[in-house]
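Okay, structure first, notes after.
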Amino acid sequence: MAAPAVKQDATEARIAGLTLPDGAGWATDARNDALSRLREMGLPNRRDEYWRYTDPTSLTQATAPRAAIFDDRDEAPVFGEIDKLKIIFVDGVFDAKRSDPLELAGLEIERLSDAMATDIHWAKDLYGQREKAGQNPVARPLAALNTAFADDGIVIRATGKAEKPVCFIYLHRDETSDAILHHLVKVEPGAEMTLLEVGPAAARFNKCMEIDVADTGAFHHVRAQGRDHERRAATHIFARVGSESLYKSFTLTANGVMTRNEHVIEIVGNDASAHVAGAALGDGANAPFHHDDTVFITHDAVNCESRQVFKKVLRNGAEGVFQGKILVKEGAQKTDGYQISQSLLLDDDSTFQAKPELEIYADDVACSHGSTTGAIDETALFYLRSRGVPTDIATDLLVLAFLAEAIEEIDSEALRDDIVARLMHWLERRRQG
Amino acid sequence: MLEIKGLAVKLEEEDKQILKGVDLSVEAGSVHAIMGPNGSGKSTLSYVLSGRDGYEVTDGTATLEGEDLLEMDVEERAAAGLFLAFQYPVEIPGVGNMTFLRTALNAQRKARGEEEISAGDFLKLIRAKAKDLKIDAEMLKRPVNVGFSGGEKKRNEILQMAMLEPKMCILDETDSGLDVDAMKLVSDGVNALRDEGRAFLVITHYQRLLDHIQPDVVHIMADGRIVKSGGPDLALEVEKNGYTDILTEVA
C-alpha cells in the first residue's frame, strides 16, 4: 500500500535535497531497496499512531533547523577518564586526522565507505538487513531514509575480546549541519566489545546502527547524547541477539529540543540476555525539551531475559515519552521480560506520556511492566534538609537516586562512575545557573 | 540555648490547634525530657522546631541562642545547630549514607563560613564514630536507612548527630522500637555527646530511656501545653502511676 499523497509530497521534498552516494558497490542494492521502502511508507507525520506523542516534523522536513552550539569548554568531557579508541566525526563526517588509527586487537574497524568499496565483505549481509527486518510490524521510515542516504559511518567486527572501548565522538561545529550516519557492528562468537558514543553530532542527526551479536558474544553500549539545547536527533538501533549472548545498552540524555531514540531488538537464540536503559534529564527553561524512547523487544527463543529501564527527570515544561513493547513469540518459553518507565516531574508544567505494551504468545513466561509518574518525595527532601543539605542540592541527590536503577544497568564500574560524575557536574552547573 | 514562649501551632490543612501555648527554656549543657500521653503534641513540637511543612504557627516564639528559629529555612536551622533525631528515620533509596552525611556536613560548614572537610578526614572521622555505635562499614555504604532494622536506623540517627555536632539535639521517641541492647547503645552514643555547650530535649513515652539518659528536668505535656515540670523524680512518678494522677492534679 503506497503512502497517501500528502506523505509522498513530504517524503519527496525531504529526499530532493539528498543524493544517493555513488560508488556504493554492493550497497547500491541495499540503498535502492531502502529508498523504495521509504517511498512506500512515506516519512511519518503526526497522524501516525507511532508518532502520536512526538511531532516528527522537524526530523522529516527538508532542511535542518538551526541549532546553536553548546559551550562545554569548562566541563570535563564524558568518558574523559576512560582509556578508549577515539573515532571522531565533525558534523557527521569522519575525521581521520583527529581520530586514533582504526586498530585495536580483537576488532576490525573500517570506514563504511571503505567496506562498501570491497567486493566481498561481511558488512553486505548486515547493511540495511536488520533495519529492513525491523520495519515489521512497525514502520520506521527515518531508518529507511538513513540506509538509503547515509554516506559515512564505521563498521566494526569483533573477533576477540577488545581490550578497551571504541568511542565515537560526535562534534557539532556548524549550526546548520544535517548529518546521516550508519554504523554496523558484528560480534563474532565468544567476542566482546564496548562501544561508547558521545556528543550532539549535528544540528540534526539521523543515526542508524545495525548490530549482530552472534552466539556467546557480548556487546556493551554506553551513549551520552550531546547537550546542545537546540539539537535534534532521530536514532535507531537494530540488534539481533544470538544464543547465550549478552546485549546491553545505556543512554544518557541531557538537553536536546527533540530526541527520538528507537531500539529494536530481536532475541533469536536461547539463553540470551538483552538490556536497554536510559536516563534523561530535561529542563525546558533554556529551550524546549522533548525526549522519546521507543523500544521494541522481540523474544523468539527459549529462556531469554530482557530488561527495559527508562527514567526521566523533567522540569520547566519538558516533555518525556516512552513507548515500549515486549513481544513474546509462540514457543519463546521461559521468557523473563521486565519493563519499567518512570518519570520524576519537578513541576506542574512538565509532562510524561507512556505506552507500555506486552504481547505474549507463549504460556510459560514471566513478564512485568510498570510505569509511574511522580514528584520529589517530600519526606525524603525534608529529611535531607533537616541535616543541613540545601533544598537544591537535596533535590539533585534525589534526582540521582531516581536515576540509579537505569545507571546500574551499565556493567563497567568505571563507566558508571564516569556517567554519575558527569551527571553531578551538570546538575551543579544548572544549580549555579 | 532553646527558648520557647507561648508557642501556639495549628495544622495548616485543617482548623485544628495542636500546641496551645508552650513555654520551655532549655539551657546549654542540660538535658530536658518531655513526656506525655499520645496526642499531647510532643512530636508536633519537634516538627515545628525543625521546620516541617504542614504546620502554622499562630502565636509565640522559638529562638536558638537568641536567633529566631521560626524565620529560618529547614536547612538554616540545621546549620544554626538544631538537630532532630527522627522517630521514623526516612529511607532514601539510591542515596548513599556516606554521600549524604558528607554533603550535609559540608553544607553546614559552608553555611557557617567554615572550610569543607576533605574526603580523607571525613572518612577517618566517620569510621571512628561509626565504630563507637557498632555501625559497620557495610552499613555506611548502603543507601540511607534502606534495609536497616529499627535499631540500625536509630543508631544511624545518633551517628549523624555525632558527625554534625549540633548544639541543640531533639530526640523524638528515639526509644521506640528498640530492644534493651540497642537502647543502651543509643543512650551511650547520646551520653558521649553530652557537653557544656550542648543541650538535649528528649521526647519519650517511657521512663525507661531516662534511666540511661538521665535528664536534669522533666516536663509533662498534655493537650498542647506543658502542664508540669520537675526533676527526674517526675518521670518515675509517671512510670508508677501513669499520667492520670498528674493530669487530674493540674486540671
Chain-alone versus full-assembly comparison, segment B:70-96, residues with accessible loss of at least 30 Å² (1.4 Å probe): B:74, B:75, B:86, B:90, B:92, B:94, B:95
Contact surface B-A: accessible area buried, both sides summed, square angstrom, 1.4 angstrom probe: 1900
Gain in span if fully extended, residue A:351 to residue A:40, counting 0.36 nm per residue against the direct Cα distance: 108.6 nm
Rg [Å, one decimal], Dmax [Å, integer] - segment B:73-148, C-alpha atoms: 13.1, 36
Global size of chain A as Cα Rg and Dmax, reported in angstrom: 20.8, 69
Cross-link pairs beyond the 23 Å C-alpha cut-off, checked among A:84/A:248; A:207/A:248; B:42/B:110; B:124/B:153; A:84/A:161: B:42/B:110
Virtual spin-label span in nm between residue B:134 and residue B:23, 7 Å along Cα→Cβ: 4.4
Spin-label model distance (nm) - residue A:360 vs residue A:372, 7 Å beyond Cα toward Cβ: 2.1
Distance between modelled label sites at residue A:74 and residue A:334, nm, 7 Å Cα→Cβ extension: 5.6
Hypothetical label at residue A:412: residues of segment A:74-90 whose amide nitrogen lies under 16 Å (7 Å Cα-Cβ projection): A:77-88
Normalised alpha carbon radius of gyration of segment A:50-206 [divisor 2.2 N^0.38 Å]: 1.11
For segment A:311-433: lysine pairs under 23 Å (alpha-carbon distance), excluding those fewer than 8 apart on one chain: 7
With all protein chains modelled, accessible area of residue A:122 [1.4 Å, Å²]: 50
Accessible area per residue, Å², the protein assembly as shown with all protein chains present, probe 1.4 Å: 40
Electrostatic dipole magnitude of chain A [Cβ: Lys, Arg +1; Asp, Glu -1; Cα centre; debye, to 20]: 780
Cross-link partners of residue B:184 among aspartates and glutamates (Cα-Cα below 14 Å; sequence separation of 8 or more within a chain): B:132, B:152, B:175, B:211
Partner aspartates and glutamates for residue A:7 [C-alpha distance under 12 Å; skip if fewer than 8 residues away on the same chain]: A:40, A:48
Span from the segment B:168-238 Cα centroid across to the segment A:331-381 one, whole angstrom: 46
Helix-only [θ]222 nm of chain A, DSSP H runs n ≥ 4, -39500 (n - 2.57) each, per residue, nearest 500: -6500 deg cm²/dmol
Förster radius 41 Å - calculated FRET efficiency between residue A:175 and residue A:122, Cβ distance, rounded to 0.05: 0.60
Carbon and sulfur %, accessible surface of the protein assembly as shown computed with the full protein complex present, 1.4 Å: 46
Charged-residue dipole, Cβ positions (Lys, Arg, Asp, Glu), segment A:199-312 about Cα centre, Debye nearest 20: 580
Pairwise centroid distance, computed over Cα atoms, of segment A:205-267 with segment A:86-158, Å: 14
GNM flexibility winner over chain A from A:80, A:92, A:331 (Cα, springs under 10 Å): A:80
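The values are calculated or read from the model by the stated rules, or taken from the named source; none is laboratory data. Small disclaimer: the values here were computed from a predicted structure and weren't measured. Note that each Cβ is placed from the backbone with ideal geometry, even for glycine, and that neighbours are counted across all protein chains shown. Accessible surface areas use protein heavy atoms only, side chains included; no ligands, DNA or RNA. Shrake-Rupley method; radii C 1.70, N 1.55, O 1.52, S 1.80 Å.
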